[in-house]
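Down below is the structure, laid out as structure tokens.
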Amino acid sequence: MNPGQQPLVEFHDVTVAYGRRPVLWNIDLAIAEPCLFGVIGPNGAGKSTLLKAALGLVPVVGGFVRFCGRPRRQVQGRVGYVPQRETVDWDFPVNVMDVVLMGTYGRLGWLRWPGRRERAVAAECLERVGLADLADRQIGRLSGGQQQRVFLARALAQEADIYLLDEPMAGVDVRSQEQIFGVLAALRDAGRLVIVVHHDLRTAAEWFDQVALIDRRLVAAGPTAEVLTADNIQKTYAGGIELLEQLGQAVAERGRTE
Amino acid sequence: MSSDALALHGWSMLTAATVSASCALVGTLLVVRRMSLLGDAIAHAVLPGIVVGVLAGGRLGGPLVLAGAVVAALMTVGLTRGLRAAVGLAEDAGSGVVFTTLFAAGVVTVSLFASRIDLDPECVLFGILELAAFDLVSVGGVEVPRALLTATAVLVIVAGGLAATWQLQISTAFDQEAAAAAGIPVAVVTTGLLSLTAVATVAGFEAVGAVLVVAMLVVPAATAELLVHRMHQVALVAVAVAVAAAGLGWLAAWRWNTSAAGMIAVVLGGFYATAVVLAPADGLLARLVAKLALDWRVAREDWLARIWRAGEQAGAAGASVVRPRPRTGLERAAAVWLRLTGRVERSAGRVRLSKDGAREAELVVRSHRLWETWLGRHADLPADHLHPPAEWVEHHLGAAMRERIEAELTAGEADPHGREIPPEAGRPDGPPPVV
């Protein structure tokens, strides 16, 4: 997937706005090597928005995102996404296996139903997240940690090269956290890039090879030990962004009055 | 009744069932996507599309009319979204503005061109199911209602369209963003669903009118969702419900000489109400039974544990004690039941536990005291806060959780009140000797 020496993911001067109000400003970030990459920042810093911008789920108003030098459309399906758990209706009439199989549909396409190969892949992914015995369970009857692992298994079933995960450790029991982290580390060891939005600084230092500190703009990015300094953390969490906030407000207001 | 009249009813009933099946199929996806009201909007908004199709030379149920309906349906959704983007009008209000306007425009046009259109406002609102069997065409020598041909074509389009995209449909319905990330063209999938809804609606519209077609879209799927819990099962049960309601509704309308469309919708409502009450897992009856079963078990366990504790206070857990006073009617009934089943022996105002009764009581007391101990360790609570939660937890703490808690304790540890925690396996020599 990577001809030449293009970065696996490159954000080039990316600005994202909801409506007219910018929420992420001029992000420049390139990740060259497979690793476990943490996106860290306070609530409302735009971490989830960064992932959605990469996936084309929110419109980018300035700059661009490239995967191995190519726009997202050309790598369709090579990027796996694990959204926040609260974004779906867990009373939806499907069981665990049904959800994991959904990971294979993008490649399967029109007019085809999942066959033996897809089922085998899905079963293996469930095994990897430790849920093999819950394949037939209604998704509404899972614990939070189990739901999160089902989401992870669905992304694994996509057999992607790059994985984007939005807060996979939020509201999850310690055992599920360890299991999820184990799966992500194994992906990294198998040469995949894994980008994880995360809010807990303490575990971030432990888990990630590289991190980016974000608070509506990129504060710092690079190897975890170099980036997570007291100074950078102060800059990320102690504000200094009121100006950006005010400017965003002003941009939105002007759109209304002019 | 002549065989002609019978054939007439048979054709109409078959038409109603075919239309209902199409609506139930698309309705399944609309309901799980929380888009039922959009179905309502589309069911109304297709009218101007139908009218334009007819004026352009198409006939009811023909390809021109179907195309007009699809365009009108997509316009409804497009305009609703456009209104939100342009002036921030909420989607429900936006759709209320758009579909009523389109529908009204359709009604006005129908009246204006009444002489040129084979439609009148009456049949727009209430359908022409009763008349279906009088407009016959010959297919291979058999006289078949035109409406049935339309309905069959629509069913083939809807079922075929959904079968071809089923996986993509449910994946998009469950989690649109993840589906998009996985490479599924969610906009195309959604547009496809809306188009199929418009097509199904045209058939339903003709048969039962704009108002009741909504019942055909929503009620079968809503009923099925109460009964089964996987998408393909929901779709199949919804179709079964829809077909059954069409048949029964038609027969009832015939029997009482009333509106067939109305009767079908009433039967659908009846099916839904029945499912609400009788659904195996989530129905009101099942929940009531489950609650009563729990209350009954709690009453039995409480009664056994009270006797056990009274015995413990008197010196030995198996001792005969003065019969406690039941606190509730259910506990009184539990006391009688436990005596009849030999767990409690009673004589002269005193009671004692049999071997079986003592065994069950011990597990309850054990759960209670394990929980008090665990809570005392893990939550910084004063001793008098430990008992109330344990009174409730004692009925829910299974063997697995008891084992986990016990693993944290030191052997022979007492509960926070200094009382012995009965062992899981019971005492080796059974309950303590009777004093």
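The values are calculated or read from the model by the stated rules, or taken from the named source; none is laboratory data. Since the model is a prediction, treat every value here as computed from it, not as a measurement. Ideal geometry is used to build each Cβ from the backbone, glycine not excepted, and the neighbour counts take in all protein chains shown.
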Exercise. Mind listing whichever residues of the range A:113-142 are away from chain B (no Cβ under 14 Å) and out of contact with any helix residue (DSSP H, G or I) (no Cβ under 8 Å at 6 or more places or on another chain)?
Key: A:Arg116, A:Arg117, A:Ala120, A:Glu124, A:Glu127, A:Asp133
Quiz item: Would the range A:22-34 turn up any residue that is within 14 Å of chain B (Cβ to nearest Cβ) and free of Cβ contacts under 8 Å to residues at least 60 places away in the same chain?
Solution: no
Quiz item: Going through the range A:102-112 one residue at a time, which ones are in contact (Cβ under 8 Å) with a residue 12 or more places away in the chain and facing another protein chain (nearest Cβ under 8 Å)?
Solution: A:Met102, A:Gly103, A:Gly106, A:Arg107
Quiz item: Got a sec? Which of B:Ala317, B:Ala273 is assigned to a helix (DSSP H, G or I) and of a type in the set (A, V, I, L, M)?
Solution: B:Ala273
Quiz item: Any idea how many residues of the range B:134-148 are buried (at least 17 other Cβ atoms within 10 Å of the Cβ) and small (Gly, Ala, Ser)?
Solution: 1
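Matching residues to (1) among the small types (Gly, Ala, Ser); (2) in a helix (DSSP H, G or I):
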position	(1), (2)
B:Gly357	yes, yes
B:Glu360	no, yes
B:Arg369	no, yes
B:Glu372	no, yes
B:Arg377	no, yes
B:Asp380	no, no
B:Ala390	yes, yes
B:His395	no, no
Quiz item: Of all residues in the range B:9-34, which are within 14 Å of chain A (Cβ to nearest Cβ) and either in contact (Cβ under 8 Å) with a residue 24 or more places away in the chain or touching a Ser or Thr at 6+ places or on another chain (Cβ under 9 Å) (or both)?
Solution: B:Gly27, B:Thr28, B:Leu29, B:Leu30, B:Val31, B:Val32, B:Arg33
Exercise. Output the number of the condition that A:Phe92 fails; it satisfies all remaining conditions of (1) surrounded by fewer than 18 Cβ atoms within 10 Å (Cβ to Cβ); (2) facing chain B (nearest Cβ under 10 Å); (3) not in a helix (DSSP H, G or I).
Key: (1)
Quiz item: Residue check, B:Asp282 against (1) touching a residue at least 24 places away in the same chain (Cβ under 8 Å); (2) within 14 Å of chain A (Cβ to nearest Cβ); (3) part of a helix (DSSP H, G or I), all met but one. Which one?
Solution: (3)
Quiz prompt | Search result, residues across the range B:137-172 that are over 15 Å from B:Leu196 (Cβ atoms), more than 14 Å from every other protein chain (Cβ to nearest Cβ) and free of Cβ contacts under 8 Å to residues at least 40 places away in the same chain | solution = B:Val137, B:Ser138, B:Val139, B:Gly140, B:Gly141, B:Val142, B:Glu143
Quiz item: When the residues of the range A:36-67 are filtered to those that are touching a helix residue (DSSP H, G or I) at 6+ places or on another chain (Cβ under 7 Å) and not in a strand (DSSP E or B), which remaining residue is surrounded by the most Cβ atoms within 10 Å (Cβ to Cβ)?
Solution: A:Gly41
Quiz item: Do any residues in the range B:104-118 that are in the same structural domain as B:Val54 (by TED's automatic domain parsing) have Cβ atoms under 7 Å from those of residues that are of a type in the set (Phe, Trp, Tyr) and assigned to a loop (DSSP other than H, G, I, E, B), where the two are at least six apart or on different chains, and which pairs are they?
Solution: none
Self-check item: Some residue of the range B:239-246 being closer than 30 Å to A:Ala135 by Cβ and within 14 Å of chain A (Cβ to nearest Cβ)
Solution: no
Quiz item: Quick one: what pairs do we get from the range B:234-255, first residue over 11 Å from B:Ala17 (Cβ atoms), second among the acidic types (Asp, Glu) and assigned to a helix (DSSP H, G or I), C-beta under 7 Å, 6+ apart or different chains?
Solution: B:Val234/B:Glu225
Self-check item: Residue among B:Ser195, B:Ser171 that is closer than 22 Å to A:Arg137 by Cα, among the hydroxyl-bearing types (Ser, Thr, Tyr) and not in a loop (DSSP other than H, G, I, E, B)
Solution: B:Ser171
Exercise. Name the one entry in B:Gly96, B:Gly53, B:Gly68 that is under 27 Å from the mean Cα position of the chain (by Cα) and modelled with pLDDT of 85 or more.
Key: B:Gly96
Exercise. Please verify whether the range B:151-159 includes one or more residues that are surrounded by fewer than 24 Cβ atoms within 10 Å (Cβ to Cβ), at pLDDT 90 or above and under 30 Å from A:Ala155 (Cβ atoms).
Key: no
